[in-house]
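S.K.: Sharing a structure here in structure tokens format.
The values are calculated or read from the model by the stated rules, or taken from the named source; none is laboratory data. Because the structure is a prediction, the values reported are computed rather than measured. Cβ placement follows ideal geometry from the backbone for every residue including glycine, while neighbour counts extend to all protein chains displayed. Accessible surface is based on the protein model in full, side chains and every heavy atom, while ligands, DNA and RNA are left aside. Shrake-Rupley method; radii C 1.70, N 1.55, O 1.52, S 1.80 Å.
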Amino acid sequence: IAGITQAPTSQILAAGRRMTLRCTQDMRHNAMYWYRQDLGLGLRLIHYSNTAGTTGKGEVPDGYSVSRANTDDFPLTLASAVPSQTSVYFCASRRLAATTGELFFGEGSRLTVL
Amino acid sequence: AQSVTQLGSHVSVSEGALVLLRCNYSSSVPPYLFWYVQYPNQGLQLLLKYTSAATLVKGINGFEAEFKKSETSFHLTKPSAHMSDAAEYFCAVSDSRADGLTFGKGTHLIIQP
């Protein structure tokens, strides 16, 4: 089934450790996004990529980095995790950037930083 | 800048009753509007979207929403609630210049038996 695959599903991490959340899509979508979901705050955009080789900052980019080496993969890295980064992270994609198309979401990665 | 306000973090209705989830948006250009549903421990699934065609939009699972430009609203309704409708609902806005969607804070729908 076509879609977005995120890994890991869940992770507990010690503060200060480096962590990479993986995201792969097989829909050949050009645009990809990382959101974090926190209770009472909804979903907030961390970083995005409109096409392979380009990335941009969203609403809450501090402490996170991304890369887009190819169309399918869009990993999110926490260089030195802090407890405030405890959240559920969602990767999403859509066929073209800045269009009317909806986003397709992965199942999420639940991260706990202790 | 665009924004979304969802009125009511929690809404409780009886099974069989009308469901009304409120969403107001702010956008300096014609918006594109979306409703997503999230079941526990799952990702977000599109319910319906408005992209400047008909103002009354029908979605999956019997939900519909009406775009009202004069009220800057895009409220979600369902005539008769079912237990399986219990979930988190998110309204989102985009425009032709935006990167991604801007989401509201969500409304948790509770269905009372």
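S.K.: Say we look at the stretch B:3-24 and pick out the residues that are within 13 Å of another protein chain (Cβ to nearest Cβ) and open to solvent by 40 Å² or more (accessible area, probe 1.4 Å); which of these is farthest from B:Lys69 (Cα to Cα)?
M.R.: B:His10
S.K.: Restricting attention to the stretch B:25-57, which residues are surrounded by fewer than 19 Cβ atoms within 10 Å (Cβ to Cβ) and either in contact with a Lys or Arg (Cβ under 6 Å, 6 or more places away or on another chain) or of a type in the set (A, V, I, L, M) (or both)?
M.R.: Result: B:Val29, B:Leu46, B:Ala53, B:Ala54, B:Leu56.
S.K.: Oh, and also: Quick one: which residue in A:Phe74, A:Phe90, A:Phe105 is in contact with a Lys or Arg (Cβ under 7 Å, 6 or more places away or on another chain) and hydrophobic (A, V, I, L, M, F, W, C)?
M.R.: The unique qualifying residue is A:Phe74.
S.K.: Now a separate question. Out of all the residues in the stretch B:75-86, is one or more in contact (Cβ under 8 Å) with a residue 40 or more places away in the chain, under 19 Å from A:Leu103 (Cα atoms) and within 14 Å of chain A (Cβ to nearest Cβ)?
M.R.: No, every residue in the stretch B:75-86 fails to be in contact (Cβ under 8 Å) with a residue 40 or more places away in the chain, under 19 Å from A:Leu103 (Cα atoms) and within 14 Å of chain A (Cβ to nearest Cβ).
S.K.: Of (1) open to solvent by 60 Å² or more (accessible area, probe 1.4 Å); (2) more than 17 Å from B:Gln2 (Cβ to Cβ), B:Ala81 satisfies all except one. Which?
M.R.: Against the list (1) open to solvent by 60 Å² or more (accessible area, probe 1.4 Å); (2) more than 17 Å from B:Gln2 (Cβ to Cβ), B:Ala81 comes up short only on (1).
S.K.: Which of the following residues is modelled with pLDDT of 95 or more, away from every other protein chain (no Cβ under 11 Å) and in contact with a strand residue (DSSP E or B) (Cβ under 7 Å, 6 or more places away or on another chain): A:Gln11, A:Gln37?
M.R.: A:Gln11 is the lone residue from the list that is modelled with pLDDT of 95 or more, away from every other protein chain (no Cβ under 11 Å) and in contact with a strand residue (DSSP E or B) (Cβ under 7 Å, 6 or more places away or on another chain).
S.K.: Can A:Gly16 be described as free of Cβ contacts under 8 Å to residues at least 24 places away in the same chain, open to solvent by 30 Å² or more (accessible area, probe 1.4 Å) and at positive phi?
M.R.: When the stated conditions are applied, A:Gly16 does not pass them.
S.K.: If only one of B:Phe74, B:Phe90 is buried (at least 23 other Cβ atoms within 10 Å of the Cβ), closer than 27 Å to A:Thr9 by Cα and modelled with pLDDT of 95 or more, which one is it?
M.R.: Matching residue, one of B:Phe74, B:Phe90: B:Phe90.
S.K.: Would you confirm whether any residue within the stretch A:36-53 is without any contact (Cβ under 8 Å) to a residue 60 or more places away in the chain, farther than 22 Å from B:Pro40 by Cα and in contact with a His (Cβ under 9 Å, 6 or more places away or on another chain)?
M.R.: no
S.K.: Quick one: would you say A:Arg22 is under 29 Å from B:Leu7 (Cβ atoms), modelled with pLDDT of 95 or more and touching a strand residue (DSSP E or B) at 6+ places or on another chain (Cβ under 8 Å)?
M.R.: no
S.K.: Give the residue, chosen from A:Pro83, A:Pro61, A:Pro75, that is touching a Cys at 6+ places or on another chain (Cβ under 7 Å) and surrounded by fewer than 18 Cβ atoms within 10 Å (Cβ to Cβ).
M.R.: Answer to the check: A:Pro75.
S.K.: Return a yes/no flag: does the stretch A:29-43 have any residue that is open to solvent by 10 Å² or more (accessible area, probe 1.4 Å) and of a type in the set (Gly, Ala, Ser).
M.R.: yes
S.K.: Also, quick follow-up: Go through the stretch A:79-114 and count every residue that is in contact (Cβ under 8 Å) with a residue 60 or more places away in the chain and under 23 Å from B:Gln38 (Cβ atoms).
M.R.: 18
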